[in-house]
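The values are calculated or read from the model by the stated rules, or taken from the named source; none is laboratory data. As the structure is a computational prediction, the values presented were derived from the model and not from experiment. Here the Cβ positions follow ideal geometry from the backbone for every residue, glycine too, while neighbour counts run over all protein chains shown. SASA here: full protein model, heavy atoms, side chains in, ligands and nucleic acids out. Shrake-Rupley method; radii C 1.70, N 1.55, O 1.52, S 1.80 Å.
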2 protein chains.
Amino acid sequence: MSVGIRHDDLRRRNRAMVIAAVRQAGRPSRTEIAATTGLSHSTISAISSDLIGEGILAEGKPSEAGALKRGRPQVGLGLTPEAAAVMTVVLSLNFLSVAVIDYAGQVISEEQRRLDTLTMSREALIGECVAIVRRRLEDPDIDVRSVARIALAIQGITDTEARAMLWSPITPQTDIAFADILEAEFGIPTTMENDCNMMAVALRRRDPERYRDDFIAILLSHGIGMGLVLKGELFTGTHSSGGEFGHMIHRPGGALCRCGRRGCVEAYAGNYAIWRNARQLGEDTEPVADVSDAQMRALAATARERDGPEREAYRKAGEALGYGLGSLFALIDPAPVAMVGVSAAAFDLIEPALREAIAQTAGGQHSESISFDTEPNELPLIREGCAMRALTFVDQEIFAPGVPTKSSAGKNVA
Amino acid sequence: MSVGIRHDDLRRRNRAMVIAAVRQAGRPSRTEIAATTGLSHSTISAISSDLIGEGILAEGKPSEAGALKRGRPQVGLGLTPEAAAVMTVVLSLNFLSVAVIDYAGQVISEEQRRLDTLTMSREALIGECVAIVRRRLEDPDIDVRSVARIALAIQGITDTEARAMLWSPITPQTDIAFADILEAEFGIPTTMENDCNMMAVALRRRDPERYRDDFIAILLSHGIGMGLVLKGELFTGTHSSGGEFGHMIHRPGGALCRCGRRGCVEAYAGNYAIWRNARQLGEDTEPVADVSDAQMRALAATARERDGPEREAYRKAGEALGYGLGSLFALIDPAPVAMVGVSAAAFDLIEPALREAIAQTAGGQHSESISFDTEPNELPLIREGCAMRALTFVDQEIFAPGVPTKSSAGKNVA
DNA sequence: AGTGTTTTTTCGGGGCTCGAAAAAATAGGG
DNA sequence: CCCTATTTTTTCGAGCCCCGAAAAAACACT
């Protein structure tokens, strides 16, 4: 039973709404905010006056500068960069990247490091993360007290509570509660996010026209990951980050997957699988640990050049992705797809077989509404999504506190 | 951008909350309602006083009669049966079933009819539905004006707006806007629902302990259908009723499915597929139109008796369902499953292969939390779910009007 | 009949949003 | 240069809503 709405929640919810409207629109006028939120001008006036008084918003020129209309000119409201800061930590294969971002979304400090994540001990991995965060916090440009939230993204499976990494392909270690560790170390609220989910968050922000309420972001990298937005909300599994598209079964008992099982989509479409097929190594061959981006690009170039095992490998990848998407579309209906990652640059090699496969499935019947977009570089997307995620937390939980979030369940006080 | 909360919405939302609490609890006292909704006693007192004045609620003895506690005894609040009525129409293979249900959920009039849905013309099918509804509305026991809502459930695909049947296995006809037709004919708001979704709604009501926030109802019948509840809400596709579990691809290019494609789960686990395999007819054999429940039960009996093609047919069904569920669980994480329909009575034959298959998938890693329940008779479930769905509409849209529902999107008034 | 206990109602207070009207700020026109 | 039309923003009073505390109600127990 969902919980009733208390009277005090009203203002908090509407405050959050106003902040969200400003973050989305950039520098909207009060009138624009009233229009998008559906609240009255008087309410917007009152709330924005509060927010300005608290230093969260500041007045400035409106975004659409040119519009010289008659009448009193609009006053733009923007987020105050100094109101807060957040930190993003992106941990990917052999690479650790950290940034501090001001409340308006601008990067104010960053650092990147190469690591050998596959061989590092648990302690070393945690230690590197803690150390890099500490170094950024000690940056003289940063006011430590203003850093209100850390969002840490990792390839792999995270828990629903956004506290821990359960499993990741970038390290043999499992069950590391990064969020708890960083929180204990620095006293800053921290969440643990799945990289593909962050890609989806960033895509929506980048192109809200195309990626609005329902869309799919697929990471074509060493493994296959997915971020799914349904009905305007990030879709996660009920226990974990879910959306393990790469481990849907394409062929029962088929090719050996990195996860140890057989026939997963990833075992045909992951970089290691394309590599394995291109080398004609046989489907039982143990997946290689890593294939460099350069190697993959060379593979794609060869596949474009001549009709050999390389081209066939991409065809098989397309087929697996197509059948997988077809099954997915049978469940959720077709939606726009973004292909992200190094193999997205080879999407021309993948697409024909993919479309052919999808046409064989129930999802293919609405194939007109399936469109693909590609983005070869996943890291900037993940960083951007992470920043948005952390900033949204600040918007909601610090500057409009007390609003019941998804996680707080209604309890029966017996 | 989600829309702000207007001041007037508050009361409406909380009214809806109180009605929902009463419907769920049966005859709760005001104190119990206050506890479940989290609202104060004074608010509950005011709202329930309104609702009693409007004839929606009525006082009576509390549900837990025995509890002779000290102090002022609780006064139970119950839904007034006469406050409204709803109608359920369930259209399934060769069968049409209608019931009128009072506001408290009791059946007050019903009628069932055998039809030959597979051969009927579009006009005849619509005509039968309209006629049976008209007859029930003319029942002298029924006050036509009190019938506030009709919910019509059908096997097959419906659109997200709950207006039309897009496709159904029970008739060659497609795209029948039943909701619009009945609404135009009788002037009563009508919705079109998917049968498996209604099963899920009913399961949650029947056993809220087991079927709470995340669960799956699978219909094992001539075809394979699914109703999915995630995070406490019925999950539907973005365009259609979605959840076409039966048409996820089990084996690319595999057995011929009733939908014309190949390798769907249904092509191994639907009644016609089990029948086809038991008769060793080959996977390319055109699916038969119908297999009677008696024939299926005989098949299951034979399979239990001896290790022959019948047993192998059930094994294959289990394997397909297991791999399908495995892929589904990879996306949404494991959840309790209810197997409904005639083949659920043969679940003992299906389960071993199903569990073996699921253990081969990514979803199998949390296999301890996967549990199956069976219910051989789907019709009562569908009817019950339909009634709940219609009553909930009355609760929300008639007795607490103006609450923004999921369907009403926030519009930018530019 | 009195006392204790629990439920329900009443009442006043504080907040919130809204609509209307006023104030503010500017462009255009004479 | 001043006045008017226009648009944005603020102000103000009214109406609701919810809450907490206290009072009232309704019973069991002694």
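Quick notes
- Mean separation of Cα contacts under 8 Å (6+ apart) over length of chain A, as relative contact order %: 14
- Surface per residue (accessible, 1.4 Å probe) for the protein assembly as shown, Å²: 41
- Between the amide H of B:Asn377 and those of B:Gly341, distances stay under 5 Å, these residues lying 5 or more places away or on another chain, with hydrogens modeled in the peptide plane.
- Global geometry of the protein assembly as shown, whether rounded, prolate or oblate, following the gyration tensor of its Cα atoms and the 1.5 cut on a/c: oblate
- Total formal charge among the other residues, if their Cβ is under 15 angstrom from that of A:Ala148, Lys/Arg +1 and Asp/Glu -1: -2
- Annotation: amide H-H contacts under 5 Å for B:Ile108 (H modelled 1.01 Å from N, sequence separation of 5 or more, or interchain): B:Val100, B:Ile101, B:Asp102.
- Inter-centroid distance (Cα atoms) of the stretch B:209-236 relative to the stretch A:287-356, Å: 33
- Counting only protein heavy atoms and a probe of 1.4 Å, the accessible surface of the protein assembly as shown is 49% carbon and sulfur.
- Among beta bridges that DSSP assigns inside chain B, antiparallel share in %, nearest 5: 65
- Volume per residue for the stretch B:244-370 equals 98 cubic angstrom (convex hull of Cα atoms).
- Here the protein assembly as shown is assigned +1 on the Cβ of each Lys and Arg and -1 on the Cβ of each Asp and Glu. Its dipole about the Cα centre then comes out at about 1300 debye.
- Long-range lysine pairs (8 or more apart or interchain), the protein assembly as shown, Cα under 18 Å: 10
- Ascending list, in nanometres, of distances separating the A:His41 label from those of the other copies (7 Å, Cα toward Cβ): 4.5
- For B:Glu185, the point set 7 Å out from Cα toward Cβ sits 6.8 nm from its twins in the other copies, listed from shortest up.
- Zone of A:Ala131's modelled label, taken as backbone nitrogen in the stretch A:69-96 under 19 Å from a point 7 Å along Cα→Cβ: A:89-96
- Lys/Arg +1, Asp/Glu -1 at C-beta; chain B dipole; positive extreme among B:Leu118, B:Leu328, B:Leu182: B:Leu328
- The relative contact order of the stretch B:1-64 comes to 30 percent, based on Cα pairs under 8 Å that sit 6 or more residues apart.
- Taking a Cβ cut-off of under 15 Å around B:Glu185, the surrounding Lys, Arg, Asp and Glu residues balance to a net charge of 0, with basic ones at +1 and acidic ones at -1.
- Residues of the stretch A:73-110 with amide N under 14 Å of a point placed 7 Å along Cα→Cβ from A:Lys61: A:74-77
- Across identical copies of the chain, A:Ser146 has label-point separations of 6.6 nm, listed in ascending order, with the point defined 7 angstrom from Cα along Cα→Cβ.
- Solvent-accessible surface (1.4 angstrom probe) belonging to A:His41, in square angstrom, nearest 10: 120
- Interchain or long-range residues, amide H under 5 Å from B:Gly237's placed H: B:Gly242, B:Gly243
- Membrane-span-like helices in chain B (whole DSSP H runs, Cα extent of at least 15 Å along the helix axis, mean Kyte-Doolittle hydropathy of at least -0.5): B:41-53, B:122-137, B:195-206, B:293-305, B:309-332, B:347-359, B:378-393.
- Three principal axis lengths of the stretch A:9-79 [C-alpha, angstrom, descending]: 39, 23, 19
- For the chain pair A and B, the buried solvent-accessible surface (1.4 Å probe, both sides summed) amounts to about 4900 Å².
- The calculated FRET efficiency for the pair A:Glu312 and B:Glu82, based on their C-beta separation and a Förster distance of 51 Å, comes to about 0.10.
- Legend: mean number of C-beta atoms from other chains within 10 angstrom of residue C-beta atoms, peptide B:308-315, equals 0.
- Neighbourhood charge, 12 Å Cβ-Cβ cut-off, centred on A:Gln295 and excluding it, Lys, Arg +1 and Asp, Glu -1: -1
- Of the beta bridges in the protein assembly as shown, as assigned by DSSP with both residues counted there, near 65 percent are antiparallel.
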